[in-house]
Structure formats: structure tokens, C-alpha cells
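Presented below is the structure to which this report refers.
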Amino acid sequence: MIMVIGSNMTEAHPVAATFIKNAVANGAELIVVDPRRHKLCDYATLHLPLKVGSDIALLNAMMHVLIKEDLYDRRFVESCTMGFDEVKEKVMEYPPERAAEICGIDAELIRSTARRFVSIKPAMLCYTLGITEHTCGVNNVLTVANFQMLTGNMGMECGGVNPLRGQNNVQGACDMGALPNVFPGYQAVTNPDARAKFEKAWGVKNLPGNVGLMIPQMMEGLVDKKIRAFYIFGENLANTEPDIHKVEHELSSAEFLICQDIFPNETTRFAHVIFPAAAWSENEGTFANSERRISRVRTASPPPGLAKPNWWIFKEIAKKMGHDWESDSAQELWDNEISVLAPNLMGIKYRRLEGNGLQWPCPHEEHPGTCFLHQDGEFTCGLGRFTPVDWTPPAEVPDAEYPFTLSTGRRLYHYHTRTQTGRCEGLNDLLGEESADISPQDASTMGIESHEKIKVKSRRGEVIVKARVTPEVPPGMVWMAFHFRENCANWLTNAAFDPVSFTAEYKACAVQIEKL
């Protein structure tokens, strides 16, 4: 059994989607939970087209059914988890009839889906940004975890909660400590012992013990000058952040802005200094993927012109600041620093990464790596923690002036802001401009033909874009991507953020459509 929620895998993760399709062909059942009827729904046993931003209400209602009908995994819950009574009390407030009013899914379909899901083990749950890119994104993830613990699908192969990482090394960046709250290997900056260890290893004193800033806080700090210098490494923020007018004001306010990237892009226009970086295929190193598998990357071609490996650029800047960092290659960085300082990576050495790589945790050099987490119900913190969560609506909902909900994502033929794919003629031939997906019902009501140009407007901006009339989109919804600059969805999106993760609510804002 596989449930895919908040993920258009066929376009955003086409390789992973192929594995799902193959599993279905081999007899697996697939449940897709998504407002749109995208291509993966063609392979699904069930498709639940819930309203944008109502995931918590739906999952709470499914848990309500499982507890009320005594279908949950009582043995796993009693022996491997804590906080069940609190979650039970909360989900009892979400009978399917109440959830149906919020999410638009029939109460009996909610019941039958819950029963069907628990009838098969193992059951895997996959999600992507359709879960996290909400003002309730953290609560969405907690609810997904509640659901899988309740069904006992944790600590087993082909089970668990599986966030599909959106880029080739997102997991690796987090593993290396590219987060404001942890050192490499997820060691908390608030932990005095962790700080002491890294102070000794790095030859510094008084590492900060406070959690650092998130991207929205950094960018707002450029305007009020709380942030004096801003170093952007491999990000095109001028296209990827919500409300581009706001973002451009913030970037143009920077006192000193540094960009490090493989190509010029919309963000490098604001930079005072640009460092040309080597691309992934022009560099030695490692990637870590969604299943925590660390793989070798080898140089396929030399970097052009002045471009250098990222680690080399950072090392040279450090040298100008009076620091002489010893490691002088990707292998030395890994073997002498990363694997020495991060307990869950200690057993991973370069010589062990031939073939299919290794999955962390891998605590010593005889360890084979960890295929799946929480085996036998043993969680990192001991027992799995249930967290009761309430549904909350998006920060901006449709009204009389802006009657449609805009949701955003990726299209198959392009990647993010087209810094790379926009330079490929073949892909531009396949998809050369953005469109706004609208339902046949809304198109008929407004007299809009497919490929006709329309204006899509929010409280923050407006774009002129071709309409794509498609039954994939339900009435009342508009769907766009952010690949093309001129009609990028982020001229329209709302700079409202999850209060914990500071992830933006890209998946929901209010817009109006105008026939030109």
C-alpha cells in the first residue's frame, strides 16, 4: 500500500514516480491525496481531491475512524509510542462529517479510505511540498507522522514517512548543517557539549548558542540593516521567494551581497560580488538522497573559465580571513572532518562509497548502513511522540474580490527557475512559456478558451499568461509554476510563513482571473 499526499510525483519526481508505477503494476495499491487529478492518479486505486490546505482535517478524520472502529495498531501504539491519549482526544473532534465540510471529501469515502489503508501492511506514505509549503506545514508533517504511528507503519521496510526531497542534494545540505539550529550531523547548536566539540575541531572560541535566522528573517533584515552582508550560495531567491516585488526591494537594500553560482540569474543582478562555481558534474564530492544514501560524485568535465569547486572558494575566503583549513579535496573533507565530527556518519569513509553508497546512520566502519529508520519501533528520542494538531485555514482564502485559490508547483520539462534547463533548447521547445491551469467549468463560465491569454492577479501583483484548460484542476482553483520570469507564480504568492519552519505558503493564496 502506498499513499502519496501533496505530491505531483510524475512531474516533480519522475524517477521516483516510475518506481511507484512499477509497484502498482506488480500489485501494490496506491492512494493519491491531492486537489488536482494529476497523471499519477491514473495509476491510483483511490484519488481524494481534497481542498487546498485541508490535509490535517482529512488525516485527523481518518485517525478518528481507525480509533473509533479499533482498527489501529494497538500493539505498536502501546509499546513504541507516547502521547496517544492526547491525540485520541483531539481526533475525536474530527468525525468524518465535520472533516467533509472542511476538505470537501465525502464522509463515507473518508471512512472507506481509512479502512482500506490499514488493511495492507507495510504501507508507505510519501509527501512533498504540497504538505510543507503551508503556514501549517510543520503541523501537516506532525499529522502525517501521527497517522503512520497509529497504523504501525514505522520501523519497517517499505513503510514510514517519506519526504521526497526536491533537489539532488537537499538531504546532504541538511546533513552538513546548512540549517540555523544544528551543526553537521544534526547536533544542536544549543547543546554546550556539541559547541565545545566544534570549537575544538574548528579552532575557534565562543560559537553562538542561539538558533540562527531563517531566510525570510535574513531578507527582512537587509531592509532594516540588522543584516549587513548576505551570502547567497546556489539560490535564485529573486524568483523562488514569494511576492517578488517584496523580494527585489529586500535584495536591492543589501549593503553587501555576494552570490556564488554556476550561471548568472535574476538574483546575481543585485550582487556586489559574484563567485563563479563549478557545477556538480565538474566537481568531486558526495550527494545524500531521500533515503539518506550517500553516493560518490565524480568529475565528468573540468569547470570552465574561472569557475572553481565550492569548497575551494570557501577555503580561499577563509585564508584571506587568516584561517588555514587543512583539508584540500572532497575526500579529505569527508574522511578527516565530516565523518569524524558527526556520529551518524562516522562509519562512512570514501573507500566505502564505491558501488551503491551507504545509508546513514552508519556509526562505525564495520556497519553496513541503515536501510530504514526506527527498526523495531526504536525512535531517536526513545518512544515515538504523538502530537495533537488542529486544522487551520490558509493565511489567505478566496473572497468576492479574489474568488480563486492559486496553488503552485513544478512542471515536468523545467527545473525551478530554469537557471539550468532554460539554457537547453530541446526543453524550451517542449515547454517555452508558463500557463495558468484552470478547470473546464471555470473556463466555460468566463468564456475563456485554452491557450487564450488571461490576467491572473493577487493582492501583490499580476501576470499575463496563457490559459491551460484542463480537467486536472477542480473548479475554483488556478495552478501555476515558477519556472518563467515574466509570468512567474511568485509575482502573486503570499509572503506568509509557517511560524516554526518559516516555509512560505506557496500552495495557497487568493487570486482573480480576467479575460483579456
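If you go through region 16-34 and keep only what is outside any loop (DSSP other than H, G, I, E, B) and of a type outside the set (S, T, N, Q), you end up with Ala16, Ala17, Phe19, Ile20, Lys21, Ala23, Val24, Ala25, Leu30, Ile31, Val32, Val33. Scanning region 384-428 for residues that are in contact with a strand residue (DSSP E or B) (Cβ under 9 Å, 6 or more places away or on another chain) and charged (D, E, K, R) yields Arg385, Glu396, Asp399, Glu401, Arg410, Arg411. The lone criterion from (1) free of Cβ contacts under 8 Å to residues at least 60 places away in the same chain; (2) in a loop (DSSP other than H, G, I, E, B); (3) in contact with a helix residue (DSSP H, G or I) (Cβ under 9 Å, 6 or more places away or on another chain); (4) aliphatic (A, V, I, L, M) left unmet by Val211 is number (3). Each residue in region 339-369 was checked for being in a helix (DSSP H, G or I) and aromatic (Phe, Trp, Tyr), and 1 of them qualify. If you go through region 79-100 and keep only what is hydroxyl-bearing (Ser, Thr, Tyr) and either over 15 Å from Leu59 (Cα atoms) or not assigned by TED's automatic domain parsing to the domain that holds Val65 (or both), you end up with Ser79, Thr81. When residues in region 252-275 are screened for being surrounded by fewer than 18 Cβ atoms within 10 Å (Cβ to Cβ) and touching a Ser or Thr at 6+ places or on another chain (Cβ under 8 Å), 2 of them pass. Taking the listed residues Glu291, Glu337, Glu332, the one that is out of contact with any Lys or Arg (no Cβ under 8 Å at 6 or more places or on another chain), under 17 Å from Pro184 (Cα atoms), in contact (Cβ under 8 Å) with a residue 40 or more places away in the chain and surrounded by fewer than 18 Cβ atoms within 10 Å (Cβ to Cβ) is Glu337, with no other qualifying.
Can you name every residue in region 141-167 that is assigned to a helix (DSSP H, G or I) and under 12 Å from the mean Cα position of the chain (by Cα)? Matches in region 141-167: Val141 only.
I need the full set of residues from region 169-188 which are assigned to a helix (DSSP H, G or I) and free of Cβ contacts under 8 Å to residues at least 24 places away in the same chain, in order please.
Going residue by residue through region 169-188, those that are assigned to a helix (DSSP H, G or I) are 170-175.
Hits for region 169-188 are Val170, Ala173, Cys174.
Go through region 221-308 and tell me which strands (runs of 3 or more DSSP E), entirely inside it, have 1 or more residues that are more than 30 Å from Ala495 (Cβ to Cβ).
It comes to 273-276, 285-288, 293-297.
Taken over region 109-125, residues that are in contact with a Pro (Cβ under 8 Å, 6 or more places away or on another chain) and surrounded by 20 or more Cβ atoms within 10 Å (Cβ to Cβ) amount to 1. Scanning region 449-467 for residues that are touching a helix residue (DSSP H, G or I) at 6+ places or on another chain (Cβ under 8 Å) and among the aliphatic types (A, V, I, L, M) yields a total of 2. Restricting Pro192, Pro242 to those that are surrounded by fewer than 19 Cβ atoms within 10 Å (Cβ to Cβ) and modelled with pLDDT of 90 or more reduces the list to Pro192.
Residue pairs whose Cβ atoms lie under 6 Å apart, separated by 6 or more positions or on different chains, with the first residue in region 496-515 and at positive phi and the second surrounded by 16 or more Cβ atoms within 10 Å (Cβ to Cβ), are Phe502/Met214; Phe502/Pro216. Take the conditions buried (at least 16 other Cβ atoms within 10 Å of the Cβ) and modelled with pLDDT of 95 or more and apply them to Ile313. Does it pass? Yes; evaluated as a whole, the condition is true for this residue. Of the residues screened, Val144 is one that is surrounded by 20 or more Cβ atoms within 10 Å (Cβ to Cβ), of a type outside the set (D, E, K, R) and out of contact with any Ser or Thr (no Cβ under 9 Å at 6 or more places or on another chain).
Of the residues in region 499-515, none is at pLDDT 95 or above, polar (S, T, N, Q) and not in a strand (DSSP E or B). Does Tyr413 satisfy being touching a residue at least 24 places away in the same chain (Cβ under 8 Å) and in a loop (DSSP other than H, G, I, E, B)? Spelling it out, it is not the case that Tyr413 is touching a residue at least 24 places away in the same chain (Cβ under 8 Å) and in a loop (DSSP other than H, G, I, E, B).
The values are calculated or read from the model by the stated rules, or taken from the named source; none is laboratory data. The structure presented is a predicted model; accordingly, all values stated were derived computationally and were not measured. Here the Cβ is made from the backbone with ideal geometry for all residues, glycine too, and neighbour counts use every protein chain on show.
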